[in-house]
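> Supplied in structure tokens, the structure appears directly below.
The values are calculated or read from the model by the stated rules, or taken from the named source; none is laboratory data. All of these numbers come straight from a predicted model, not from anything done at the bench. Please note: Cβ atoms are built from the backbone with ideal geometry, for glycine as well, and neighbour counts cover all protein chains shown. We work out accessible area using only protein heavy atoms, side chains counted, and drop any ligands, DNA or RNA first. Shrake-Rupley method; radii C 1.70, N 1.55, O 1.52, S 1.80 Å.
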Amino acid sequence: DGGITQSPKYLFRKEGQNVTLSCEQNLNHDAMYWYRQDPGQGLRLIYYSQIVNDFQKGDIAEGYSVSREKKESFPLTVTSAQKNPTAFYLCASSQTSGGRGTQYFGPGTRLLVL
Amino acid sequence: AQSVTQLGSHVSVSEGALVLLRCNYSSSVPPYLFWYVQYPNQGLQLLLKYTTGATLVKGINGFEAEFKKSETSFHLTKPSAHMSDAAEYFCAVRNTGTASKLTFGTGTRLQVTL
């Protein structure tokens, strides 16, 4: 079955530590996205990538970094500069041509600070 | 920039009653509009979308939405609520001609009571 996988399901971060969230898709989509979800605030875009080896900042990129070395993978690193990382992180993908912008989501990773 | 407003962060209905979740958007061009559903600790699942053509869109699980350009609205309805409909619902807009970015509303939590 085609889909998007995210790992781990839960992640714990210590003070000053960088952590990396994994996102993999086998839908052959060109575009991938990372969102942060906080209660009552909906989804906010962190980074997105429309093609391999290229990515753009979203609305809340500070304290985060990404890479896009393969079409299938778009890992997100939460750096120590992100002072309030506790949130639910969602990865999504879409076709850039056709598909009318429909994004498909992974199951999410919940990040907690120790 | 486009924006989405979802009126009512919490909506409660009785089982069997009509479900109406409101979404208004702002856009300078005809938008693509989406409704997603999220169950606790899960990713978002696409319910339905409007791109072009018929303004009444039918989705999964008996939901439908009507695009009303004059009212800049895309309200989600279901004639008869079921307990399994209890979840959070997000409206999103994508402007045509831009990268496949979506702007999400802050969500409406639907509670279904006996």
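> With the structure loaded, tell me whether residue A:67 is in contact with a Ser or Thr (Cβ under 9 Å, 6 or more places away or on another chain) and free of Cβ contacts under 8 Å to residues at least 40 places away in the same chain or whether it fails that test.
yes
> I would also like to ask the following. For segment B:3-59, name all the residues that are touching a Pro at 6+ places or on another chain (Cβ under 7 Å) and either within 12 Å of another protein chain (Cβ to nearest Cβ) or open to solvent by 60 Å² or more (accessible area, probe 1.4 Å) (or both).
B:18, B:42, B:43 - these are the residues of segment B:3-59 that are touching a Pro at 6+ places or on another chain (Cβ under 7 Å) and either within 12 Å of another protein chain (Cβ to nearest Cβ) or open to solvent by 60 Å² or more (accessible area, probe 1.4 Å) (or both).
> Checking residue A:16 against (1) more than 21 Å from residue A:103 (Cα to Cα); (2) not in a loop (DSSP other than H, G, I, E, B), only one condition comes out false. Which one?
Among (1) more than 21 Å from residue A:103 (Cα to Cα); (2) not in a loop (DSSP other than H, G, I, E, B), the lone unmet condition for residue A:16 is (2).
> Also, quick follow-up: Test residue A:51 against the criterion of being open to solvent by less than 60 Å² (accessible area, probe 1.4 Å) and either in contact with a Phe, Trp or Tyr (Cβ under 8 Å, 6 or more places away or on another chain) or in contact (Cβ under 8 Å) with a residue 24 or more places away in the chain (or both), and give yes or no.
When the stated conditions are applied, residue A:51 does not pass them.
> With respect to residue A:38, determine if the residue is charged (D, E, K, R), within 11 Å of chain B (Cβ to nearest Cβ) and open to solvent by less than 60 Å² (accessible area, probe 1.4 Å).
Criteria met by residue A:38.
> Run residue A:20 past the list (1) closer than 25 Å to residue B:107 by Cβ; (2) open to solvent by 20 Å² or more (accessible area, probe 1.4 Å); (3) among the β-branched types (Val, Ile, Thr) and report the number of the one that doesn't hold.
(1)
> While we're looking at this one, here's another question. Considering each residue of segment A:81-96, count those that are touching a Lys or Arg at 6+ places or on another chain (Cβ under 8 Å) and assigned to a loop (DSSP other than H, G, I, E, B), and give that number.
Count: 1.
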